[in-house]
Structures are given as structure tokens and as C-alpha cells.
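**Q** Mind having a look at this structure? Questions to follow.
The values are calculated or read from the model by the stated rules, or taken from the named source; none is laboratory data. Since we're looking at a predicted model, the values are computed, not measured. For neighbour counting, all protein chains shown are included, and Cβ atoms are generated from backbone atoms with ideal geometry for every residue, glycine included.
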Amino acid sequence: MGDNVVEILNKQVSSLIEQEEDVIGLVAVRDPYPFQRQLEGLDVLLLVVSETACNSSSIEHRRMDGQHVMIQRVARDLLLNWIKNSRHRDVMEWILRGDIIYDPEDVIERLKSDVRIYSDELMNRKLLVEYSQFLHSFLLAKQNIEDGFLLDAHNHIIKTLNHYAHLELIEAGRHPEPSVWRQMRRFHPGIYKLYEELSTSPETLEQRIQLVLLACEFSMMSKMKSSCTLIFQIMGSRDEPWSMSELSRHPALSDLPIDLSLLLQKSVQRGYLREVAVLAGPLEPDALELRYKLPR
């Protein structure tokens with residue numbers, strides 16, 4: 001980062017610390033959207049991390065010495081939530097690539113270390129989120145092509161391939177880059193070839209989609225058990241079967257953007273879970289509630 005930019009940011013840091021006492025970290029990112037320059041037009045991002053509990057972040061644009069600077073304020077808990085739940089993909093890149101310019105308690109440095117090397121907990125959460133989205137978009141593409149909606153099927157199979165690429169990278173302990181297909185061309189030429197075939201093959205659109213569906217279906221089945229490890233770990237923590245509502249309220253799952261119902265159904269079909277019918281309650285003697293448990 002240029003000396004002029006550093007000088008500007010140092011002045012900004014002093015001002016922020018004076019005005020906002022709960023600031024615990026600042027990260028400066030030069031060219032924060034390198035693959036979206038036409039959309040964003042930013043020179044510098046200043047990520048301001050505070051101790052204050054807050055469910056939202058705020059953004060401010062400033063022009064300083066000819067530099068277009070975006071200041072994004074976020075509470076530490078919300079920042080952690082973004083990272084754990086893959087809700088804000090750019091944050092990973094910012095934390096890894098940014099310059100730490102204020103971090104008196106090493107909060108940002110520790111976070112950068114955690115992001116650089118996936119912990120088991122973080123990896124299991126990310127795998128589950130990515131797999132849920134992979135499965136959901138795959139099934140939509142399959143349904144669309146069965147119904148004859150080729151353009152909708154093409155839209156969903158593109159999303160499926162993106163989630164497939166992210167899954168492979170996360171499993172390998174890598175962080176998906178914003179330009180994931182450039183990354184996949186080096187990392188996994190086989191998946192890149194699927195993307196290329198879908199885009200440039202002389203086959204009909206339906207044939208191209210069917211080819212990718214076939215390749216993704218194998219991965220969908222083979223990756224289910226490892227990707228759903230977090231769910232299986234929770235279920236293994238007690239002998240009694242779990243209801244859908246109990247699982248959806250569990251602290252490890254409640255804030256994840258996943259289709260829990262779909263994941264449970266498909267896990268039962270594959271034999272990774274058992275479905276157990278129990279009486280719904282004394283006032284409904286004929287009603288049965290479906291619950292789930294690990295097979296013995």
C-alpha cells in the first residue's frame with residue numbers, strides 16, 4: 001500500500017479512535033474488489049471492527065486526497081458470523097489480504113490466523129452450508145430439465161457448479177477466491193472442464209446440462225456424509241431422536257443458511273439417518289411426529 005494511502009489512513013485511524021471508544025481493530029484493504037472494478041470503483045476499504053453488539057453493519061464513502069475510500073463498520077460478533085456462515089464472501093479475502101493498522105489486543109491477528117487455517121468447526125460449518133446450496137440448486141436444475149424448462153435448468157446448473165467448486169476447495173482447506181473459475185482451472189481441471197463444456201460445447205443445451213447433472217449427481221451422493229458431519233455430530237450427542245424443530249433451534253445450526261428439511265430427507269434416503277415416528281402429543285392420538293437419529 002502506497003505511503004500516501006498509509007498516511008491518509010493513519011489520520012483516519014486517529015480520528016476514529018478518538019470518536020469511537022469501542023473500536024478494537026482496523027484493517028485497510030487496497031483495491032477491495034479486484035474483480036469488480038467496473039461495479040465498485042473503490043481504491044481502499046477500511047474495515048472498522050467494534051466491540052459493540054449489533055446485528056447490522058454501516059457503510060460510509062469518503063474522498064480523501066483523491067482516494068475513494070469506503071469505511072465499513074461492523075461489530076466483532078457479526079464479523080465472526082459472516083466468516084462462520086459464508087454470508088459475506090468478500091470478508092475472508094479482506095481479512096487475509098488486508099493490512100492490520102490498529103489491533104491493540106491482537107483480535108484481528110488471531111482472526112486472520114483462524115481464517116488462514118480452517119479449524120474443524122469452521123470447516124464443518126462451511127461444508128454444510130455449501131453442500132446444502134449445492135444439493136438445492138442441483139435438484140432444481142434436475143426438476144427444470146424434466147419439466148422442459150431448459151433456460152431455468154441452465155441457470156441452476158451454473159449455480160450447482162459454483163457450489164461444487166467451492167466444496168472441493170473447502171475440503172482441501174482452501175478459500176474460494178472471487179474469481180473461482182480461474183482458481184479451479186489450476187486447482188481442479190476436471191471441474192473446470194465441466195464448466196467449459198457447459199459454456200462452449202457444440203452439443204445441444206439439453207445435452208450439456210444432462211452431462212453436468214450426471215457428474216454432479218455422483219458428487220452429490222459421495223459428498224453427503226462428509227459434508228453433513230456437523231448434523232451427525234449433533235445427533236450423536238444423545239440417544240433420543242431429534243425433532244426437526246429441535247435441530248433447527250440448535251445453536252450450531254440455527255444461524256446457518258441451510259435447507260435442513262431437505263438435508264434430513266436425503267440423509268434418510270441414503271441410510272445415514274433413521275426416521276422414527278413418535279406420538280405427536282396426548283391431544284392428537286392419531287398424529288405421529290417424524291424424528292431423526294443415527295442408525296445403529
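**Q** Between a residue in segment 177-191 that is over 16 Å from Ala215 (Cα atoms) and of a type outside the set (Asp, Glu) and any residue that is assigned to a helix (DSSP H, G or I) and at pLDDT below 90, which pairs come within a Cβ distance under 8 Å, given they are 6 or more apart or on different chains?
**A** Taking only residues 6 or more apart or on different chains, the pairs are Pro178/Arg89; Pro178/Asp90; Pro178/Glu93.
**Q** Just name the residue that is surrounded by the fewest Cβ atoms within 10 Å (Cβ to Cβ) out of those in segment 122-162 that are of a type in the set (Gly, Ala, Ser) and out of contact with any His (no Cβ under 7 Å at 6 or more places or on another chain).
**A** Filtering segment 122-162 for residues of a type in the set (Gly, Ala, Ser) gives 132, 137, 141, 148, 153.
So of that shortlist, the ones also out of contact with any His (no Cβ under 7 Å at 6 or more places or on another chain) come out as 132, 148, 153.
On the way: Ser132: 21, Gly148: 9, Ala153: 25.
My answer is Gly148.
**Q** Also, I was wondering about something else. Identify all residues within segment 35-54 that are part of a loop (DSSP other than H, G, I, E, B) and modelled with pLDDT of 60 or more; write none if there are none.
**A** Going through segment 35-54, the residues part of a loop (DSSP other than H, G, I, E, B) turn out to be 35-36, 41-43, 51-54.
Passing the criteria: Gly41, Leu42, Asp43, Glu51, Thr52, Ala53, Cys54.
**Q** I'm trying to understand the selection: among the residues of segment 209-227, which are without any contact (Cβ under 8 Å) to a residue 24 or more places away in the chain and either of a type outside the set (Ser, Thr, Tyr) or touching a strand residue (DSSP E or B) at 6+ places or on another chain (Cβ under 9 Å) (or both)?
**A** Matches in segment 209-227: Leu211, Leu214, Ala215, Phe218.
**Q** Can you give me the ranges of the helices (runs of 4 or more DSSP H) entirely in segment 84-152 with at least 2 residues that are at pLDDT 85 or above and not assigned by TED's automatic domain parsing to the domain that holds Ser219?
**A** Details: elements: 89-97, 107-116, 120-146.
Result: 107-116.
Rundown of residues vs (1) over 21 Å from His156 (Cβ atoms); (2) assigned by TED's automatic domain parsing to the domain that holds His166, yes/no style:
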{"residue": "Arg182", "(1), (2)": "yes, yes"}
{"residue": "Tyr195", "(1), (2)": "no, yes"}
{"residue": "Thr200", "(1), (2)": "no, yes"}
{"residue": "Thr204", "(1), (2)": "no, yes"}
{"residue": "Met220", "(1), (2)": "no, yes"}
{"residue": "Gln265", "(1), (2)": "no, no"}
{"residue": "Ala277", "(1), (2)": "yes, no"}
{"residue": "Leu288", "(1), (2)": "yes, no"}
